[in-house]
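These notes are about the structure you will find just below.
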Amino acid sequence: MQSYQHITLEERERLYALREQGKSLRSIAKILKRSQSSLSRELRRNIRYGEEFLYNEYLPCKAQGLADKRALKQRYKAPLKNPKIFLYVREHLRKPYNWSPGTIAGRLRRDYPGETITKETIYRYVYASRKRRGDEDLRGYLTLARKKRMKLLGRRVSRMGKIPGSVSIEKRSKAVLGRKRIGHWETDNVIGKQTDKTALSVTIERKSRYTILTKLKDRTAKTKTAALITRLQPYPTKTLTADNGKENSQHETISSKLMLSMYFCHSYASWEKGTVENTNGRIRRMIPKGQSIDAYSDKDIAAIEFWLNNTPRKCLDFQTPCEIMQKAQLLK
């Protein structure tokens, strides 16, 4: 079936000339090889009224200008014209997916080969949603839910003291940076309210980005150590990288029980364990800053862990952490 072609300026000029000759709309439609209804709609939409126009006046140049304006307005109102892409984007922005625009754009190519969209198009669509009458404000589904788009900037980190007996990350093998083998982990704690005793232990495998979350009843080294040993035992462990928080002070026990080497970042250098820091940002979509960890049950934490491990990642060529671990035969 031949797709519809918009009326051109040349056709508009011929329509004007034939009407001036007194020809009927039906005969003009045959000459232009257009349907009569299309020409009728063209006249209805583009005939101008007012003191500066003659009654029932149709001017080709004016009609072309109005058509161009309508086309521009339509593109602004509906940037996601493909229904398949439209539904895919809106569905995966919302829960339970909560995917970022970059993740959506990348995974779309895997789920629907041949279909593409850029993350910039999705960002523009999201930030324009508040201007569309009757549409939901989609900005709240973005990672940081900002009201206005911001430039990508770094952030400052707080200073920490050095833990006795700790081994500097400088002594960690450079091969760890290559992410070639599974077994190199990073760990950190996510805090809810500063007044709470509870915390969330976040531990992530560098190659697969497989994440383990454990709700801690307190922030002591004893509790953190027990959680790490219990949760990491089923997996291969070669190294573990952490910061100089006091919860990591029992590092020798962790190293002994899990038969791994534990390394510590420099002060001011949280980017040295950037994989877990990035994951903390993802977790903040589910547990906003200032929200008490007490408000989340172990079942809630398990659901967040499931979401993290089953969300496609750009760094994994839009595979999920679970898919990577399954290929390594570390998960059923």
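The values are calculated or read from the model by the stated rules, or taken from the named source; none is laboratory data. Small disclaimer: the values here were computed from a predicted structure and weren't measured. All Cβ positions, glycine included, derive from the backbone under ideal geometry; neighbour counts span all protein chains shown. Ligands, DNA and RNA are excluded from the accessible area calculation, which covers all protein heavy atoms including side chains. Shrake-Rupley method; radii C 1.70, N 1.55, O 1.52, S 1.80 Å.
Points worth noting:
- Any hit, segment 76-91, residues being at pLDDT below 85 and loosely packed, with under 11 Cβ neighbours inside 10 Å: yes
- Any hit, segment 293-305, residues being of a type in the set (Lys, Arg) and surrounded by 15 or more Cβ atoms within 10 Å (Cβ to Cβ): no
- Hits in segment 174-218 (condition: outside any loop (DSSP other than H, G, I, E, B), open to solvent by 20 Å² or more (accessible area, probe 1.4 Å) and touching a Phe, Trp or Tyr at 6+ places or on another chain (Cβ under 9 Å)): LYS215
- Residues in segment 226-264 that are closer than 17 Å to ARG206 by Cα, in a loop (DSSP other than H, G, I, E, B) and either open to solvent by 30 Å² or more (accessible area, probe 1.4 Å) or not β-branched (Val, Ile, Thr) (or both): GLN233, PRO234, TYR235, PRO236, LYS238, ASP243, LEU260.
Let's see how each residue does on (1) of a type in the set (Gly, Ala, Ser); (2) touching a helix residue (DSSP H, G or I) at 6+ places or on another chain (Cβ under 9 Å); (3) in contact (Cβ under 8 Å) with a residue 40 or more places away in the chain:
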site: THR279; (1), (2), (3): no, yes, yes
site: ILE287; (1), (2), (3): no, yes, yes
site: GLY290; (1), (2), (3): yes, no, yes
site: ASP294; (1), (2), (3): no, no, yes
site: ILE301; (1), (2), (3): no, yes, yes
site: ILE304; (1), (2), (3): no, yes, yes
site: LEU308; (1), (2), (3): no, yes, yes
site: THR320; (1), (2), (3): no, yes, no
site: GLU323; (1), (2), (3): no, yes, no
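- From the options SER270, SER208, residue that is in contact with a helix residue (DSSP H, G or I) (Cβ under 9 Å, 6 or more places away or on another chain) and closer than 21 Å to ASN98 by Cβ: SER208
- In the set (1) assigned to a loop (DSSP other than H, G, I, E, B); (2) at pLDDT below 90; (3) crowded, with 17+ Cβ neighbours inside 10 Å, VAL126 fails one condition alone, (1).
- A single member of LEU144, LEU59 is at pLDDT below 85, over 30 Å from THR8 (Cβ atoms) and among the aliphatic types (A, V, I, L, M), and it is LEU144.
- Counted residues, segment 92-119 - those being in contact (Cβ under 8 Å) with a residue 12 or more places away in the chain, out of contact with any Phe, Trp or Tyr (no Cβ under 9 Å at 6 or more places or on another chain) and surrounded by fewer than 15 Cβ atoms within 10 Å (Cβ to Cβ): 1
- Subset of segment 306-322 (residues that are part of a helix (DSSP H, G or I), out of contact with any strand residue (DSSP E or B) (no Cβ under 9 Å at 6 or more places or on another chain) and open to solvent by less than 60 Å² (accessible area, probe 1.4 Å)): TRP307, LEU316, CYS322
- Residues of segment 3-29 that turn out to be surrounded by fewer than 12 Cβ atoms within 10 Å (Cβ to Cβ) and of a type in the set (D, E, K, R), as a count: 3
- Any hit, segment 265-281, residues being part of a helix (DSSP H, G or I), within 19 Å of SER201 (Cα to Cα), at pLDDT 95 or above and open to solvent by 50 Å² or more (accessible area, probe 1.4 Å): no
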